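**Student:** Below is the structure I would like to discuss, written out as structure tokens.
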Amino acid sequence: MAKHSRITSLQSLFKRSQLAMFALTFSICTIIFIVISTYTMNTYAKQSLNILAEALSERIQPAMVFNDRITIQQILNNYTTQYSIRSILVLDPSKHEIANSRQVAKSFQNTQSILDHLFFQQPIQIAIRHNQQYYGSIVVYGSSQSLLDFFFKILIGLCLAIILILFALLWSVRSTYQYLMRSIHPLVSTAREISEFKAYQLRLPHSNIKELQQLNEVFNELLDKIQASTQKLRAENDVLAHQALHDQLTQLPNRHYFYQTLLASFDQSPKTTSALFFIDNNNFKEINDQYGHLAGDAVLQEMAKRLQNSLRQDDFIARLGGDEFAILIRNVTKTEHLTKISENLLKCCEQPLHFDQHQIYFSFSIGIASTEQAHSPEDLITAADSAMYKAKTLQQGWYFSLR
């Protein structure tokens with residue numbers, strides 16, 4: 001089985017990409033800043049050391065002339081205490097040391113020693129003269145203490161900057177993620193509704209994000225095609241369903257539809273009294289023989305139309321086949337009403353049909369049966385059929401089965 005790749009959220013992708021970009025940018029900027037700052041501070045420190053050495057030589061010149069070693073030592077101690085100087089040596093004209101002073105060791109001595117070795121390995125040596133006479137020299141070793149303090153300040157500043165940038169980064173990622181979610185949520189909810197309820201008439205809403213809007217347009221075009229295909233399929237299914245349940249000639253419900261409706265009337269609750277009318281044309285064969293089958297079809301169509309127009313909206317009429325029709329009269333309260341309905345139906349065939357310059361007269365017989373005398377749909381059909389054949393022998397044209 002193929003393994004699915006791990007699902008990752010947009011929020012985690014944003015965080016990782018932003019953190020990676022932040023780390024790369026911050027590292028490059030930090031390195032460049034440290035290099036430039038170190039170079040600048042080193043240059044500044046060496047220049048400052050030269051100035052201090054010149055000033056120191058001027059200050060101790062009188063003491064050297066008068067060989068005042070106590071004053072020389074005090075001056076050296078003041079300089080190593082107040083300024084970034086590692087050590088100072090005072091040499092006489094014979095290069096013998098007459099005084100020295102060293103900076104008091106502070107914290108991070110090992111680090112400072114490394115920096116001293118890198119930046120202040122070579123001392124500054126200045127000769128002390130007065131009236132063109134050489135009295136000795138001073139040797140000054142610079143200290144990286146100021147650079148170390150500067151690095152620590154940079155480190156503290158970088159830590160604060162990292163914290164602020166991380167907070168800003170998290171806020172930016174969260175804001176961007178929430179904005180995307182607000183843009184994506186309507187698309188997801190609409191797509192889910194389309195999937196669950198087959199609501200192909202819905203469309204994805206407009207998005208202010210260009211890429212999402214392009215996706216919406218493509219998806220909506222697909223929905224247009226699906227909706228058109230679905231509507232066409234439904235229309236074809238409706239046509240097929242109508243053809244399956246209706247007679248093609250008269251467009252009335254067919255035998256199958258009639259049996260479905262009749263069975264449903266027996267299954268309904270509470271039960272109501274209904275009556276079944278079986279109708280059969282009396283002279284259909286003669287019409288076909290005399291006027292042709294097209295005339296026979298026209299008679300059936302006219303007969304269906306007149307019968308349907310003579311019924312109530314709730315009554316059900318169907319063509320069973322050939323020249324036989326069936327009518328289901330619902331909610332019968334009095335049997336006397338059935339007589340009036342039968343007589344009214346028989347009147348609809350009194351006028352002839354005008355077909356191809358011929359006047360065609362037709363008539364039919366009606367057999368009636370009630371659900372009160374029937375225990376099943378088969379009983380009702382048998383009773384109505386028998387009543388119809390009985391009606392053919394009667395002058396009134398209808399017969400009500402009481403069995």
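**Student:** For region 344-403 and region 129-164, compute the distance between their C-alpha centroids and round to whole Å.
**Tutor:** Their Cα centres are 125 Å away from one another.
**Student:** Can you list residues from other chains, or at least 5 along the same chain, whose modelled amide H is less than 5 Å from the amide H of residue 320?
**Tutor:** Counting only residues 5 or more places away or on other chains, the set is 325, 326.
**Student:** Further question on the same structure: Which ³J(HN,Hα) values in Hz, rounded to whole numbers, follow from the phi angles of region 249-263 under the Karplus curve 6.51 cos²θ - 1.76 cosθ + 1.60, where θ = phi - 60° and Gly and Pro get x?
**Tutor:** 6, 9, 6, 8, x, 8, 4, 4, 4, 4, 5, 4, 5, 5, 5
**Student:** Same structure, new question: Once phi is turned into ³J(HN,Hα) by the Karplus curve 6.51 cos²θ - 1.76 cosθ + 1.60 with θ = phi - 60°, what whole-Hz value does each residue of region 390-399 show in order, with x for glycine and proline?
**Tutor:** 5, 5, 5, 8, 9, 6, 6, x, 9, 8
**Student:** Near the amide H of residue 274, under 5 Å away, which other amide H atoms are found, from residues 5 or more places off or on another chain, if H is placed in the peptide plane?
**Tutor:** Amide H neighbours of residue 274, under 5 Å, 5+ apart: 332, 371, 372.
**Student:** In addition: Taking θ as phi - 60°, what are the ³J(HN,Hα) couplings along region 80-92 by the Karplus curve (6.51, -1.76, 1.60), each to the nearest whole Hz, with x for Gly and Pro?
**Tutor:** Karplus values, whole Hz, x for Gly and Pro: 6, 7, 8, 10, 7, 10, 6, 7, 10, 10, 10, 10, 7.
**Student:** Label point 7 Å out from residue 297 along Cα-to-Cβ: which residues of region 249-288 have amide N under 15 Å?
**Tutor:** 249-252, 288
**Student:** Let me ask something else. Filter the cross-link list 347/390; 285/334; 271/334; 232/305 down to pairs whose alpha-carbon distance in this structure exceeds 25 Å. Please report the intermediate quantities before stating the final value.
**Tutor:** Numbers: 347/390 19 Å; 285/334 36 Å; 271/334 15 Å; 232/305 30 Å.
As for pairs spanning more than 25 Å Cα to Cα, those are 285/334; 232/305.
**Student:** Still on this structure, please answer the following. By count of other Cβ within 10 Å, fewest leading, how are 267, 224 ordered?
**Tutor:** 267, 224
**Student:** Would you tally the net charge around residue 325, using a Cβ to Cβ cut-off of less than 9 Å, leaving residue 325 out, and scoring K and R as +1, D and E as -1? Write out the running numbers ahead of the final one.
**Tutor:** Values: positive: 319; negative: 280, 323, 324.
Here the charged neighbours net out to -2.
**Student:** Sticking with this structure for a sec: Quick one, which of (i) 48, 21, 19; (ii) 30, 27, 18; (iii) 125, 20, 14 is the actual semi-axes √(5λ) of the Cα gyration tensor in Å calculated for this model?
**Tutor:** Computing semi-axes √(5λ) of the Cα gyration tensor in Å and matching it to (i) 48, 21, 19; (ii) 30, 27, 18; (iii) 125, 20, 14 gives (iii).
**Student:** A further question on this structure: Report the one residue of 331, 384, 400 whose Cα lies farthest in the direction of the positive end of the charge dipole of region 255-400 (charges on C-beta: Lys and Arg +1, Asp and Glu -1; origin at the Cα centre).
**Tutor:** Checked the options; the winner is 331.
**Student:** Just want to confirm a number: the relative contact order over the chain, from Cα pairs under 8 angstrom separated by 6+ residues, in percent.
**Tutor:** Details: 466 pairs, mean separation 42.2, N = 403.
This gives 10 percent for the chain.
**Student:** Using alpha carbons only, how many angstrom separate the centre of region 66-112 from the centre of region 220-283?
**Tutor:** Taking the Cα centre of each part, region 66-112 and region 220-283 sit 116 Å apart.
**Student:** Region 255-354: which trypsin sites (Lys or Arg not before Pro) are DSSP loop and have at most 16 other beta-carbon atoms within 10 angstrom?
**Tutor:** When the trypsin sites (Lys or Arg not before Pro) of region 255-354 are filtered for loop state and at most 16 Cβ neighbours within 10 Å, 271, 312, 330, 334 remain.
We did not get these values from a lab; they are worked out from the coordinates using the rules stated. Because the structure is predicted, anything quoted here is derived from the model rather than measured. All Cβ positions, glycine included, derive from the backbone under ideal geometry; neighbour counts span all protein chains shown.
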